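Scroll down for the structure; my scribbles are underneath it.
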Amino acid sequence: MKLALAIAFTVFSLPALAQSQGKAQVFPAADVHSQLAKLVDEAKAKGSSAYVLGDYGTHAIRLSARTASGGGEIHAHFDDVMVVTEGTATLITGGTVIDPHTASDGEIRGTGIQNGVSRTISVGDVIHIPAGTPHQLIVALGTAYSYIVIKVKE
């Protein structure tokens, strides 16, 4: 009985120990805004640009900017949690990916989404897109759209 209690205590203590050993990180707002401004400048030439703030195994924090619409996509193994920081875009979710193909990273990509639900998203909006959900961002020509995205692995 004592051995069982000792084992149970040890097993249930491990998650708390693992959490206390992590190092907290703070990404100052000025640095985030500066990096997003650089990404918008890069996106003006390429259509999109991204920067990884941190990759922690179970999730990653990224900054992204777009000046062009993206194609349709489905993430098989992670959710997207986004916070819009600049601009407005149309988010299409659901439906089916047009001309789907599997990319080298195992994700499904295509030219767009058909029969999805469209909604306008803008600064301050928080979006959650579960793994397996078809989605696409449409950005109006001549505009910039930027966001913070947390990629949560399933």
If you scan the range 114-152, which residues turn out to be surrounded by 12 or more Cβ atoms within 10 Å (Cβ to Cβ), more than 18 Å from the chain's Cα centre (by Cα) and more than 28 Å from ASP41 (Cβ to Cβ)?
GLN114, GLY116, SER118
Kindly provide the set of residues from the range 45-87 that are buried (at least 16 other Cβ atoms within 10 Å of the Cβ) and of a type in the set (Phe, Trp, Tyr), ordered by number.
PHE78
Which fully enclosed strands (runs of 3 or more DSSP E) of the range 65-128 have 2 or more residues being aliphatic (A, V, I, L, M) and over 28 Å from HIS33 (Cβ atoms)?
96-98
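I'd like to know if the range 88-95 contains one or more residues that are among the aliphatic types (A, V, I, L, M) and surrounded by fewer than 16 Cβ atoms within 10 Å (Cβ to Cβ).
Scanning the range 88-95, I find no residue that is among the aliphatic types (A, V, I, L, M) and surrounded by fewer than 16 Cβ atoms within 10 Å (Cβ to Cβ), so the answer is no.
Values in this text are rule-based calculations from the coordinates and carry no lab data. These figures come from a predicted structure and were not determined experimentally. Note: ideal-geometry Cβ built from the backbone for every residue, glycine included; neighbour counts use all protein chains shown.
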